[in-house]
Amino acid sequence: MEIFRLLYTSFKNFNTLRKNRKMLNEILNPSLFRHDTAFDDLYPKHIRDLSPMHWTPVDIAKKAAAFLALPNARVLDIGSGVGKFCITAGFFHPETTFYGIEQRSELFTFAEIAREEVDLPNVNFIHGNLTELDFDNYDHFYFYNSFYENIEPDSRIDYAVRTSFELYELYSRFVYKMLDEKPPETRLVTFHASYTQVPPAYRVVNNSYSKVLKMWIKE
Ligand SMILES: C[S@@+](CC[C@H](N)C(=O)[O-])C[C@H]1O[C@@H](n2cnc3c(N)ncnc32)[C@H](O)[C@@H]1O
């Protein structure tokens, strides 16, 4: 009998802990999205060090998400890194599903760990090359000039993948064609990308942060 009592008590304690953890998350999480330093603490030091140059600042992610997050829409981050855009967007817009595709397995893994930590069922990460993805499965897109390291060696994230001018051309052409084939009303946010990377059917409806953050709608 004693053993059942002990088992029951530890089960009850475990359940209380789980509930408390959820409550704690709900209280703590909003503060995660107040500063980049707070958010970046989800990651180890070598990933945090890459943040200023390679991961979307929290403020930018919030603005981009507010534009892309139509109810029930599926939003894709083209080159999702450690998931900073998707996690921020997913937290503030639970009615929208966010997806990220990332070619580097290490970054994909850190994105998954952070997603679990923040506990977001509406965020999904995919490990792979974006050229393998079926873009029919997504409605709106976020793009933080993901291919730049192919043409600017000083901006490499690491040496885990091959980079080249040819890959820059290939990936840029691929995304351009995919965007061109999307129906009218498709939304796109670009951060530090150029006009030449976006088909002419997309109209800029908002241009902020010294013109590096652009919001587009397809006509
Ligand atoms: C500038 S980072 C942006 C990360 C994330 N979108 C954010 O805003 O925090 C670009 C990411 O795109 C990824 N990437 C570049 N080319 C890719 C490709 N062909 N397929 C999948 N991921 C790619 C890189 O590995 C890198 O992590």
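The values are calculated or read from the model by the stated rules, or taken from the named source; none is laboratory data. Treat the numbers as computed from the prediction; the structure is a model and nothing was measured. For neighbour counting, all protein chains shown are included, and Cβ atoms are generated from backbone atoms with ideal geometry for every residue, glycine included. In case anyone asks, the SASA skips ligands and DNA or RNA and just uses the protein heavy atoms, side chains included. Shrake-Rupley method; radii C 1.70, N 1.55, O 1.52, S 1.80 Å.
Would segment 65-81 turn up any residue that is farther than 24 Å from Tyr159 by Cα, touching a helix residue (DSSP H, G or I) at 6+ places or on another chain (Cβ under 6 Å), open to solvent by less than 10 Å² (accessible area, probe 1.4 Å) and modelled with pLDDT under 95? Spell out how you get there, then give the answer.
Keep residues of segment 65-81 that are farther than 24 Å from Tyr159 by Cα, which gives 65-76.
Retained after the next criterion (residues that are touching a helix residue (DSSP H, G or I) at 6+ places or on another chain (Cβ under 6 Å)): 65, 75.
Filter again for open to solvent by less than 10 Å² (accessible area, probe 1.4 Å), leaving 65, 75.
Retained after the next criterion (residues that are modelled with pLDDT under 95): none.
No - not one qualifying residue is present in segment 65-81.
All but one of (1) surrounded by fewer than 16 Cβ atoms within 10 Å (Cβ to Cβ); (2) in contact (Cβ under 8 Å) with a residue 24 or more places away in the chain; (3) under 26 Å from Ser172 (Cα atoms) hold for Pro52, so report the exception by its number.
(2)
Within segment 187-203, is there a residue that is among the aromatic types (Phe, Trp, Tyr), within 11 Å of the ligand (Cβ to nearest atom) and open to solvent by less than 80 Å² (accessible area, probe 1.4 Å)? Give the steps one after another, and end with the answer.
Going through segment 187-203, the residues among the aromatic types (Phe, Trp, Tyr) turn out to be 191, 195, 202.
Restricting the remaining residues to those that are within 11 Å of the ligand (Cβ to nearest atom) gives 191.
Now narrow it down to the ones that are open to solvent by less than 80 Å² (accessible area, probe 1.4 Å): 191.
Within segment 187-203, one or more residues are among the aromatic types (Phe, Trp, Tyr), within 11 Å of the ligand (Cβ to nearest atom) and open to solvent by less than 80 Å² (accessible area, probe 1.4 Å).
Under 7 Å by Cβ, and 6 or more places apart or on different chains, what pairs join a residue from segment 35-46 that is acidic (Asp, Glu) with one that is assigned to a helix (DSSP H, G or I)?
As it stands, the answer is Asp36/Ser51; Asp36/Val58; Asp40/Arg48; Asp40/Ser51, since those pairs meet every condition given.
Identify, by number, the condition in (1) within 24 Å of Lys218 (Cβ to Cβ); (2) open to solvent by less than 70 Å² (accessible area, probe 1.4 Å) that Phe108 doesn't meet.
For Phe108, the exception is condition (1).
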